[in-house]
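Bear in mind that the values in this text are calculations on the coordinates, not laboratory data. All of these numbers come straight from a predicted model, not from anything done at the bench. Glycine gets a Cβ as well: all are built from the backbone with ideal geometry, and neighbour counts include every protein chain shown.
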Amino acid sequence: MCEQRVVRGWRERAIQALAYEAGGLALFAPLWALVTGASGTESLAVLASLSLVVMAWMSTYNTLFDLAEARLVDRVASDRPHRWRLVHAAGLEVTSIAATTPLIVHLGGFGWMEALAADVALTLAYCAYGYVFHLGFDRLRPVGP
């Protein structure tokens with residue numbers, strides 16, 4: 001098994017999740033308002049609600065992914081190759097859809113199909129963002145002893 005620490009501690013997970021979601025809100029709330037015609041306040045409320053759900057899920061998902069990766073290929077997250085970063089980012093976003101689509105229906109006033117389409121669009125955008133964010137985060141704050 002890796003000689004280094006295998007997964008980030010809860011403090012690092014909290015920093016990671018908060019930084020990820022703050023960056024996502026800053027980037028995507030204005031776009032949501034532009035595309036949906038929602039006010040800035042409504043857009044921020046919808047995306048902040050989605051953010052809270054995803055933050056709760058992200059720490060668990062990242063820990064499980066990191067543990068599986070350490071067991072299967074004896075590697076820590078900060079040494080993850082690009083192909084696995086793509087799998088990691090896509091997996092997080094796809095598993096988040098089940099929890100976030102109902103919120104988009106409720107808070108955004110969309111029907112189920114519109115909400116699903118909006119959620120898929122957000123998911124694709126967040127996949128790209130997640131890849132870039134986690135690459136940068138791992139470079140700035142590598143997993144250490």
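Along the axis of the charge dipole computed for the chain (Cβ charges of +1 for Lys and Arg, -1 for Asp and Glu, origin at the Cα centre), the listed residues 82, 56, 104 are led at the positive end by 82. Taking the longest Cα principal axis of the chain as reference, the axis of helix 40-73 is set at about 20 degrees.
With respect to the chain, whose longest principal axis is taken over its alpha-carbon atoms, helix 10-36 is tilted by about 30°.
Let me spell out the model: positive unit charges on the Cβ of Lys and Arg, negative unit charges on the Cβ of Asp and Glu, origin at the Cα centre of the stretch 10-140. What dipole size does that give, in debye rounded to 20? Present the calculation step by step, with values, prior to reporting the outcome.
On the way: 8 positive and 11 negative charges, 61 e Å.
Computed charge dipole of the stretch 10-140: roughly 300 debye.
Among 106, 88, the order by Cβ neighbours within 10 angstrom, fewest to most, reads 106, 88.
Does the chain come out rounded, prolate or oblate by the C-alpha gyration tensor, with a ≥ b ≥ c the root eigenvalues, rounded set by a/c under 1.5 and, if not, prolate when a/b is larger than b/c and oblate if not? Each step should come with its number before you reach the end.
Numbers: a/c = 2.47, a/b = 2.10, b/c = 1.18.
Prolate is the answer for the chain, as a/c is 1.5 or above and a/b outweighs b/c.
Seen against the Cα atoms of the chain and their longest principal axis, helix 112-140 is set at about 30 degrees.
Cβ crowding within 10 Å, taken as a proxy for footprinting-reagent exposure, orders 138, 74 from fewest neighbours to most as 74, 138. Kindly state, to the nearest 0.05, the FRET efficiency for residue 120 paired with residue 79, given R0 = 35 Å and r defined as their beta-carbon distance. Plugging the Cβ-Cβ distance into 1/(1 + (r/R0)^6) gives 0.70.
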